[in-house]
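To start, the structure itself, in C-alpha cells.
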Amino acid sequence: MSITGIIVICVLIFIALIIFLYLVPVGLWFQALVSGVHTSLIQLMFMRFRKVPPSIIVNNMINATKAGLKLQQNELEAHYLAGGNVGSVVQALISANKANMNLDFRTATAIDLAGRDVLKAVHTSVNPKVIDTPPVAAVAKDGIQLIAKARVTVRTNIKQLVGGAGEETILARVGEGIVSSIGSAVTHKEVLENPDSISKLVLTKGLDSGTAFEILSIDIADIDVGKNIGAQLQMDQANADKNIAQAKAEERRAMAVASEQEMKAKAQEARAKVIEAEAEVPRAMADAFRSGNMGIMDYYRMKNIQADTDMRESIAKPAGAKPVNKSPNEK
C-alpha cells in the first residue's frame with residue numbers, strides 16, 4: 001500500500017472519529033456519570049437528532065442534582081423544544097429551593113414561557129425592589145396643587161406571575177390613589193403636615209390585586225406646592241364672563257346703530273314725500289288760475305300771509321340759528 005493511501009485512510013478515520021464523538025458525546029456522558037446524573041450514550045446521541053444540545057440538558061441536570069433537586073431529562077428537553085430558557089428555569093428552581101419558596105417545575109416553566117424572567121422574579125420575591133413613581137399632580141379642596149413623588153416597595157407574587165399585571169399597573173394605581181387622597185384633603189396644609197396619610201389611604205385600597213406583585217409599603221418621598229389652581233380657575237371664569245358681557249354689549253350697540261339707521265332712513269323717506277308734495281303746489285295753483293277758482297288778489301294775499309309768517313319766525317329765532325330750508329315754490 002502506498003503512502004498516499006495510508007494518509008487517506010488516516011484522514012477518513014480521523015473524520016469518522018470526530019463525527020462519532022460529535023454524535024456520541026462520551027466526555028459529557030462521563031461527566032454526568034461521575035456527577036450522579038443517570039443518562040445513556042444513546043439518549044445523548046438521540047438528542048442530536050432531536051436538535052437539542054446535550055450540553056445544555058446535562059449541565060443543568062448536574063446543577064439541579066448537586067442542589068438536591070430531581071428533574072427529568074424529558075421535561076427539560078420538552079421545555080427547550082417549546083422555546084423556553086432551560087438554564088433560567090433551573091437556576092430559579094435552585095434559588096427558590098434555597099429560599100424555602102414553594103416553586104415547582106411546572107409553574108416555573110409556565111412563567112418562563114409566558115415571557116417573564118422567572119429567575120428575576122424569584123430574586124425579587126426574596127429581595128423586594130423599590131419602584132419610584134413619576135411626579136403625580138393633584139389638587140386639594142382649597143384649590144392648591146400638590147406634586148407628590150412616592151416610592152413603592154414590592155415583591156413578586158409567584159402565583160400571579162402568569163396573567164398578572166406588571167409594574168405599569170402598579171404605578172397607575174398608586175398615582176390614582178395619591179390623586180384621590182390629596183383631592184379629599186380640605187386644605188393642602190393638612191397633606192404637607194401629614195404626608196403619611198396618603199400612604200395609609202393608598203395601602204387600604206388593595207392596589208396589588210390582580211397584579212404580579214405584592215405591595216409592602218408606599219412611602220412619600222417628596223411633596224412640592226404647585227400652582228393655585230382654584231384662583232386660576234376663578235380668573236379664567238372672570239375673563240370668560242367679561243368676554244360674554246362685552247359680546248352682549250357689542251350686540252346691543254350694533255342693534256342700536258341699526259335702529260338709528262332705520263329711523264334715519266324713514267325720516268329721509270318722509271322728507272322725500274314732503275318735498276314731492278310741495279312740488280305739486282305750483283301745479284295745483286296753476287290749475288286753479290286756469291279754472292278760475294283762484295284770482296290774482298287771492299295769490300297776493302297768500303304771499304303776504306307767507307311773508308308775515310316768515311318775519312315772525314325770524315324774530316322768534318335766536319341769533320346764530322340756521323335758517324329753515326324753504327320749499328322750491330317759496331323761493
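The values are calculated or read from the model by the stated rules, or taken from the named source; none is laboratory data. Quantities reported herein were computed from a predicted structural model and do not represent experimental measurements. Note: ideal-geometry Cβ built from the backbone for every residue, glycine included; neighbour counts use all protein chains shown. The area values use the complete protein model at the heavy-atom level, side chains included, leaving out ligands, DNA and RNA. Shrake-Rupley method; radii C 1.70, N 1.55, O 1.52, S 1.80 Å.
Return yes when LEU233 is farther than 30 Å from LYS120 by Cβ, surrounded by 10 or more Cβ atoms within 10 Å (Cβ to Cβ) and touching a helix residue (DSSP H, G or I) at 6+ places or on another chain (Cβ under 6 Å) and no when it is not.
Working: farther than 30 Å from LYS120 by Cβ: yes; surrounded by 10 or more Cβ atoms within 10 Å (Cβ to Cβ): yes; touching a helix residue (DSSP H, G or I) at 6+ places or on another chain (Cβ under 6 Å): no.
So LEU233 fails the test.
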Flag for GLN91 being of a type outside the set (A, V, I, L, M) and touching a Gly at 6+ places or on another chain (Cβ under 6 Å): no
Qualifying residue in the stretch 31-54 (condition: open to solvent by less than 40 Å² (accessible area, probe 1.4 Å), closer than 30 Å to VAL122 by Cα, at pLDDT 85 or above and among the small types (Gly, Ala, Ser)): no
Candidate set: the stretch 89-134, residues that are without any contact (Cβ under 8 Å) to a residue 24 or more places away in the chain, assigned to a loop (DSSP other than H, G, I, E, B) and not polar (S, T, N, Q); chosen: the one surrounded by the most Cβ atoms within 10 Å (Cβ to Cβ): ASP104
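For (1) polar (S, T, N, Q); (2) within 29 Å of ALA185 (Cα to Cα); (3) touching a residue at least 60 places away in the same chain (Cβ under 8 Å); (4) touching a Cys at 6+ places or on another chain (Cβ under 8 Å), each residue gets a yes or a no:
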| residue | (1), (2), (3), (4) |
| --- | --- |
| ALA231 | no, yes, yes, no |
| ALA256 | no, no, no, no |
| GLU262 | no, no, no, no |
| GLN268 | yes, no, no, no |
Meets criteria (outside any helix (DSSP H, G or I) and either open to solvent by less than 80 Å² (accessible area, probe 1.4 Å) or in contact with a Gly (Cβ under 6 Å, 6 or more places away or on another chain) (or both)) for ALA221: yes
Candidates VAL58, VAL90, VAL8, filtered to the one that is modelled with pLDDT of 80 or more and over 27 Å from VAL126 (Cα atoms): VAL58
Qualifying residue in the stretch 16-28 (condition: under 28 Å from GLY83 (Cα atoms), modelled with pLDDT of 75 or more and more than 60 Å from the chain's Cα centre (by Cα)): no
Residues satisfying the stated conditions in the stretch 135-161, i.e. in a loop (DSSP other than H, G, I, E, B) and surrounded by 15 or more Cβ atoms within 10 Å (Cβ to Cβ): ALA140, GLY143, ASN157, LEU161
Hits in the stretch 185-211 - residues which are hydroxyl-bearing (Ser, Thr, Tyr) and either surrounded by 15 or more Cβ atoms within 10 Å (Cβ to Cβ) or within 11 Å of ILE223 (Cα to Cα) (or both): SER197, SER199, THR211
The one condition in (1) part of a helix (DSSP H, G or I); (2) modelled with pLDDT under 75 that ALA279 fails to fulfil: (2)
Residue within the stretch 165-177 that is in contact (Cβ under 8 Å) with a residue 24 or more places away in the chain, crowded, with 17+ Cβ neighbours inside 10 Å and assigned to a strand (DSSP E or B) present: no
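Taking the stretch 179-212 as the search range and keeping residues that are touching a helix residue (DSSP H, G or I) at 6+ places or on another chain (Cβ under 6 Å) and of a type in the set (A, V, I, L, M, F, W, C), which one is nearest to VAL126 (Cα to Cα)? It would help to see each step written out before you state the result.
Taking the stretch 179-212 as the starting set, the residues that turn out to be touching a helix residue (DSSP H, G or I) at 6+ places or on another chain (Cβ under 6 Å) are 181-182, 185, 191, 198, 201-202, 205, 207, 211-212.
Filter once more, keeping what is of a type in the set (A, V, I, L, M, F, W, C): 182, 185, 191, 198, 201-202, 207, 212.
Details: ILE182: 33, ALA185: 37, VAL191: 34, ILE198: 27, LEU201: 27, VAL202: 24, LEU207: 21, ALA212: 14 Å.
Ranking the candidates gives ALA212 first.
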